[in-house]
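First the structure, in the form of C-alpha cells, and then the observations on it.
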Amino acid sequence: MKKLVLLLLLIFPVFIHAQNISGKVVDKNGAPLVGVNVKAINSKLSTITDQDGSFKLNLKEVDDLQFSMIGFETVILKSNATLNPVVLADATTKLDDVVIIGYGTRKKIDNTSAVLSLKAEEVTRTKVLNAVQGIQGKAAGVQVIASDAPGSQPSVIIRGMGTVLGGRNPLYIVDGMPTNGIGNINSNDIVSFEVLKDASALAVYGNRAANGVIIITTKKGKGKLNVELDSFVGFRTPQSVVKMAGSNKYAFYSNMALGSTTFSQDQPVNTDWFKAITRTGNYTQNNIAVSGGNEEAKYFFSLGRYNEQAILNGMDFSRITFRTNNEFKISKRITLAQNLSIATNNNQPKPYSVFTTAYKQSPIVPVYFPSGQYGVSFVGTNGFASTTGSSFNNVGNPVAQLNFFDEQQRGMTLQGGLKLDIELAKGLKFSSVYNTEYNTFRKYNYSDDLSIWLAADPTRVASAYPSGNYTNTLNRENSRNYSWNLSNYFTFNKVFAQKHDVELVAGMEASSTGSGFVTTTTLRNVSPNSNYWSTAGNELLQNVTSYQEIQYNERRLNSYFGRLQYKYNNRYLLSATVRRDGSSQFAKDYQWGTFPSVGLGWIATNEDFMKNIKGLDFLKVRASWGKIGNQNVPLNRQSFATGNDYNYYMTQYLTGITINSQIDPKLTWETTRETSGGFDFETLSHHLKGTVDFYNKTTENAILDIRPLITSGASNTSPGAVGAVSNKGFELSLRWDGKVNDKLTYFVSGNFNQNKNRLESLNSSSISSLIGGGLGNGQYTKVIDGTSVGKALGSFFLFDYAGLDANGQMLYYKADGSKVTQDALVNADRKYFGSVLPNATYGLSFGMNYKNFDVTVDTYGTLGSKVYNGKKAQRFSGENIEDSIASDFWTAQNTGASNPAAFNQVPVASTYYLESGNFFRVNNITVGYKLPEFTKYISYARVYFNAINPFIMKKFSGFSPELLGNGNPTDTMGVELDAYPTLSSFVFGVNLKF
C-alpha cells in the first residue's frame, strides 16, 4: 500500500504540469508567420507554425519555448505565458541570413565576396511587369535602365560596361537554369534575389560571368494548405510632356524661316498631336498561389495574369504565367525537387516612331479633314491646311500611322527542371540538377499599302494606284529555340576540432544553347481577312515574294569547377574558386579557358582585442581577386559574295563566288580581371549597418570590328580582339533600423556608386570606325575608333556649339578654335563631350510601420550623365518646333533671344542639343493598411496604394532622361528619338491569405 501511494505521489506532479500548449505567431504587422520553428528547450519537443501562424505542443511540464525564423529576432517565452499572439520583430542584424552564391549557399557573415541579397518584398513592392525594374535604386553598383513600354526588357549594367560588341546584360540563374532574361517570371513567385558583383563570386560561372550574375530563387511550399491572392489595378500617364508650338506660333516661326507668308497666323485648327495618339493607360494583375506540405512532400502552385492597355492608342499587351515547384522526400537521404514554369504573352505593338512623328507634325494639320480623309501637310493659298495645295513637310499623320500599323505577336517560354540531392554520408551531399528552356515566337505584320497610298494625298483615287505596286503586304515570322543545362556536383561540409569550418564543392556542368530556327515569309496581295493567310496546301504560294529560314548554330559548353570555403576560429575566411570552361563557339585550340578567384576575409570583431570597442557591433574586412569571361561575343563571320563576274580567257564573263571577309582563328572570349575589397559593419546596437566596396576591373581582348588587309581582296569587316576597357569605382550602402515604441518602427537606407569607365587601349591601326547614335537625317552622335582611347564608352562625338553670329545664325568651334557656320565644318572638328554612362548612381529609401499602417518610399538618381535631344535635333523644313523655341528666337527685334533665328536647314550634331542626363526621381511610394480580422476564413488582408514614378527632378527638356534606346550605350541609348516616355502609375491593390 505504501509503495502504491509513493508511486501515485511521483506520477501526480506530471499530470499536474502536463499541458497542451497552443498559440499563434505573427509579424510586426499582425500577419501570420508560416514555418516558424517552435522548440521546447528542456524537453526537446518542436513543431512549426501552419498557414495561420498557429502551433500546438504537448508538454509534460512548464518549459521555455524558443520561437525562431530566418529574418526575425528569436524570442524565448515560458510555456505558461501569453502565447496568442507571439510577435516576432524583424531581425536587427542580417549576419545569420543565408545568401545564394552559385551551386550552394553561404552565411552572409562568412561570405568574402560582394553579393547583394534583396528580400522578395523589396523587389515586388513596385508593381511593374519585369522584376529587374523593381531593384532600380536599391543595389549599389547595379545600374538599371528601364523602359515603360509593355513587354520591354530593362538593361542591367553591373560595375560598369566592359564590352563594346559583346553582350552587356548579366547572366540570370533561375532555380539553377541559366537564361538571358526574366521577362517570363511573375514577380510574386520570387523568394530571393541575389546579385553577384565581384570576380570572386562570379568566377564559379566562368566565361559567362563578366557582366555579373543575378540569381533568382522562386517560392516553395511548407506547412498546411495556404492560399494567397494578390490583385491590383493601375492607371498610367506620361511623367513629362514636351509642350509644342501652337498653330499661330508655328505659322509665325515657319514664315520667318521661309522668308514668306506661306502660313496664316490666324489658324482655324490647333492639333495637339501627342493627345491625339495617346490615352490614359491602365493595367491589371491577378495572382493566386497555393502552397503547403510536410516532411515527405511540399508543393507550390501559382497562376498570374497581367493585362495592359498602353498609353499609345491600340497598343495592348498581356501575359499569363503558371509555376509549380514541388519537393519530395524519397527517403531519409534522398530528396527530389521539381519545377515547371510556363509563360505566354500576347502583344499588339505600335511603332515608337509615332512619338517623333507627333512631335514633328504641324499643329495646323487636322487629324481628319471634314471629308473624313486623314489630315495631311498641304497648305492652300489661304495659308490653311487643305486637301489640295503644296506639301510643306514630309511628316505623316500620326493617327493614320497608328491605325495602319497592324502587327500581332505571340510568344511562349517553358522552363522546367529536376534537382536530386543525395546525402552520401554525414556532411557529404551529391546534387544533380537538370534544367531546360523552350521558346516559341510568331508574329505577323499586315500593311494595307493601297490605303496608305491613298491617305498620303487626298487627291488620289484608287484607279490611279500604280499597277506594279502591291495592294497589301504581309510579313510573317516564326521562331523557336531550345536550351538545356546539366550540373552534377558534390558538397562537403565539416567542422574539425571546433575551429576549422570547411566546405568543398566540386562538379561538372554541360549546357547547350541556341538550337533553333527562324523563318520569315513575305506575301503580297493577300485577303484582308486573316483567316485566309495560311499557305497550307499551296493556296498562297504564288503570292510569296520572299522566304528565308535561318538555322541557329548550337552552342555547347562543358565545364569543371571547384570551390573551397574555409573559416578558422570563426575569424579568418578563405574562399578559392577555379572553373575550366570549354566552348564550341571558338576554334579548337582556343576553346578552353581557366577562370580562378580567391577571396579573403577577417571578422575583426571576433578578436578578443576588438570585443570591448564601444559602439562597434560587427566588422568584417574583405579582399578578392578573380578572372572571368564573356563568351557572348561576335563569332568569326565568314561571308560569301555571289554574283561577281570574272573574265574567262578574255572572251566571256562568268558568275562566281568569293570569300568576302577574313577570320581570326585566335578569336576567343573577352577576359576580365578584377581586384576588389571592402568591409561590412554594424554599429550602435546593430541599428546602423553598412557595406563599403572598392573595385578595379579591366576587360582584355575587347572585341571590335577591324578592316581586312588590302591584299586580301575582302571588303567586309570582321571581329578582332583589339582593345582594353577599365572600370574603377566604389560602392556604399547604409541602413538604419529604428524603433520608437512597440507601435512605431522605421528604417532609412541609401546606396551610392561611383564608377569611372574608360577605353584604355586599341592595339590595332585597322580598327573600323563604329558609328552610333544616328539621327535619321544623315547625322550621327557617337563613334568608337582610334580617337576614342581615354574616353568612356558611350561618349558623344559632336561639333562644339559656339553661340550666335550677328544674324542669329548658329556658330561652331573648329579644331583651331575659330568660329564658323556649319557649312564650314569638317569631321576633324568634332570632339568628345561626356557619356550616357553616369559617373554615379544613388538610391534612398524610407519605410515605417505604425500599428496596421505601413509606408515605404523609394528613390533613384544619376550624376554625370549626358543625353542627346535627338528629336529636337532632327528638324527638317516645315516641321513643328517646341513652344520654348517659338516663344523666344532671334529676330532683328529680339537679338538677345536664347534660341537662334528661325531656320529650315538640317542642323549638325552638336553640343547645342546635348543636355544633362542627371535626375532624381521618386520611384515608388507604397501605403498599406492591414485590415483587422473580420472573418475566420481570411487569416490576413491588406489593401495598398502605389504611386510609381510620381515625381522627377531633371534638367533635360525632353520626355525623359532615362533613355534605353536599343540597350547599347555606344549606339542609341541616351538619344531621345522614337523613345517611349517614362510613365507615372497609380495602383490600387489587395493581398489576401486564406
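The values are calculated or read from the model by the stated rules, or taken from the named source; none is laboratory data. It should be emphasised that the depicted structure is a prediction, and the values quoted were computed from it without experimental measurement. Positions of Cβ are generated from backbone atoms using ideal geometry, with glycine treated the same way; all protein chains shown enter the neighbour counts.
Would you point out which residue out of L837, L844 is in a loop (DSSP other than H, G, I, E, B), of a type in the set (A, V, I, L, M, F, W, C), assigned by TED's automatic domain parsing to the domain that holds L775 and buried (at least 17 other Cβ atoms within 10 Å of the Cβ)?
Testing whether each residue is in a loop (DSSP other than H, G, I, E, B), of a type in the set (A, V, I, L, M, F, W, C), assigned by TED's automatic domain parsing to the domain that holds L775 and buried (at least 17 other Cβ atoms within 10 Å of the Cβ) leaves just L837.
Scan region 903-932 for residues that are assigned to a loop (DSSP other than H, G, I, E, B), more than 26 Å from the chain's Cα centre (by Cα) and modelled with pLDDT of 95 or more and report the count.
2
Listed here are the residues, each with its yes/no results for (1) touching a helix residue (DSSP H, G or I) at 6+ places or on another chain (Cβ under 9 Å); (2) in the same structural domain as D175 (by TED's automatic domain parsing); (3) among the aliphatic types (A, V, I, L, M).
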| site | (1), (2), (3) |
| --- | --- |
| Y299 | no, no, no |
| S302 | yes, no, no |
| G314 | yes, no, no |
| T321 | yes, no, no |
| I364 | yes, no, yes |
| Y374 | yes, no, no |
| S390 | no, no, no |
| G396 | yes, no, no |
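Looking at D823, D829, can you tell me which residue is without any contact (Cβ under 8 Å) to a residue 24 or more places away in the chain and out of contact with any Pro (no Cβ under 6 Å at 6 or more places or on another chain)?
After applying the criteria, what remains is D823.
Do we find a residue being surrounded by fewer than 17 Cβ atoms within 10 Å (Cβ to Cβ), in a strand (DSSP E or B), in the same structural domain as V633 (by TED's automatic domain parsing) and small (G, A, S) anywhere in region 565-581?
no
Go through (1) at pLDDT below 80; (2) surrounded by 20 or more Cβ atoms within 10 Å (Cβ to Cβ); (3) hydroxyl-bearing (S, T, Y) and name the single condition S624 misses.
For S624, the failing item is (1).
If you go through region 584-630, how many residues are charged (D, E, K, R), within 30 Å of D664 (Cα to Cα) and not in a strand (DSSP E or B)?
Going through region 584-630 one residue at a time, the tally reaches 2.
Can you find, within region 510-542, the residue that is surrounded by the fewest Cβ atoms within 10 Å (Cβ to Cβ) among those that are in a loop (DSSP other than H, G, I, E, B) and at pLDDT below 80?
Within region 510-542, the match that is surrounded by the fewest Cβ atoms within 10 Å (Cβ to Cβ) is S534.
Within region 933-976, track down each residue that is at pLDDT 90 or above, among the aromatic types (F, W, Y) and out of contact with any strand residue (DSSP E or B) (no Cβ under 6 Å at 6 or more places or on another chain).
Scanning region 933-976 gives a single hit, F959.
Quick test for you: out of T284, T280, pick the one residue that is loosely packed, with under 15 Cβ neighbours inside 10 Å and either under 26 Å from S187 (Cβ atoms) or not assigned by TED's automatic domain parsing to the domain that holds N403 (or both).
T280
Go through the residues of region 543-561 one by one and say whether even a single one is basic (K, R), closer than 21 Å to I101 by Cα and not in a helix (DSSP H, G or I).
no
Looking at T605 and the list (1) surrounded by fewer than 18 Cβ atoms within 10 Å (Cβ to Cβ); (2) at pLDDT 90 or above; (3) closer than 21 Å to I703 by Cβ, which single condition is not satisfied?
Condition not satisfied by T605: (3).
If I filter region 292-303 for residues that are at pLDDT below 95 and either among the β-branched types (V, I, T) or under 30 Å from F988 (Cβ atoms) (or both), do I get at least one hit?
yes
Please work out which one of (1) buried (at least 18 other Cβ atoms within 10 Å of the Cβ); (2) closer than 18 Å to S795 by Cβ; (3) more than 39 Å from the chain's Cα centre (by Cα) is the condition A815 fails and give its number.
Evaluating A815 over (1) buried (at least 18 other Cβ atoms within 10 Å of the Cβ); (2) closer than 18 Å to S795 by Cβ; (3) more than 39 Å from the chain's Cα centre (by Cα) leaves (1) as the failure.
Please report, ordered by residue number, the strands (runs of 3 or more DSSP E) entirely within region 82-158 with at least 1 residues that are at pLDDT 85 or above, farther than 30 Å from F492 by Cα and outside the structural domain of Y489 (by TED's automatic domain parsing).
The qualifying strands (runs of 3 or more DSSP E) are 142-145, 155-158.
Within region 101-135, take every residue that is in contact with a Pro (Cβ under 8 Å, 6 or more places away or on another chain) and in contact (Cβ under 8 Å) with a residue 60 or more places away in the chain and give me the one that is farthest from I158 (Cα to Cα).
Checked region 101-135; the qualifying residue farthest from I158 (Cα to Cα) is L129.
Being outside any loop (DSSP other than H, G, I, E, B) and at pLDDT below 85 is the filter; apply it to region 26-45 and report the residue that is farthest from the chain's Cα centre (by Cα).
The extreme case among them is N37.
List every residue pair whose Cβ atoms sit under 9 Å apart, with the two residues 6 or more apart in sequence or on different chains, where the first one lies in region 542-564 and is hydroxyl-bearing (S, T, Y) and the second, anywhere, is in a loop (DSSP other than H, G, I, E, B) and surrounded by 15 or more Cβ atoms within 10 Å (Cβ to Cβ).
So the pair list comes out as T545/Y470.
Taking region 562-591 as the search range and keeping residues that are of a type in the set (K, R) and closer than 19 Å to G102 by Cβ, which one is modelled with the lowest pLDDT?
K567
Only one of R673, R735, R758 is charged (D, E, K, R), modelled with pLDDT of 95 or more and farther than 30 Å from S795 by Cβ. Can you tell me which?
Matching residue, one of R673, R735, R758: R735.
Filter region 437-450 down to the residues that are touching a residue at least 40 places away in the same chain (Cβ under 8 Å) and more than 18 Å from P351 (Cα to Cα) and list them by number.
Listed by number, the residues that qualify are E437, Y438, N439, T440.
Would you mind stating whether D617 is in contact with a His (Cβ under 9 Å, 6 or more places away or on another chain), in contact (Cβ under 8 Å) with a residue 12 or more places away in the chain, of a type outside the set (S, T, N, Q) and farther than 20 Å from K499 by Cβ?
In short, yes.
For residues that are farther than 21 Å from Q136 by Cα and not in a strand (DSSP E or B), tally how many sit in region 933-971.
Residues that pass the stated criteria total 11.
Test each condition in (1) in contact with a Pro (Cβ under 6 Å, 6 or more places away or on another chain); (2) surrounded by fewer than 15 Cβ atoms within 10 Å (Cβ to Cβ); (3) of a type outside the set (V, I, T) for Q373 and report the one that comes out false.
Result: Q373 passes all but (2).
What are the residues in region 868-890 that are surrounded by fewer than 18 Cβ atoms within 10 Å (Cβ to Cβ), of a type in the set (G, A, S) and part of a loop (DSSP other than H, G, I, E, B), if any?
The answer is S877, S887.
Would region 953-969 turn up any residue that is closer than 30 Å to V855 by Cβ and among the polar types (S, T, N, Q)?
So far as region 953-969 goes, yes, one or more of its residues are closer than 30 Å to V855 by Cβ and among the polar types (S, T, N, Q).
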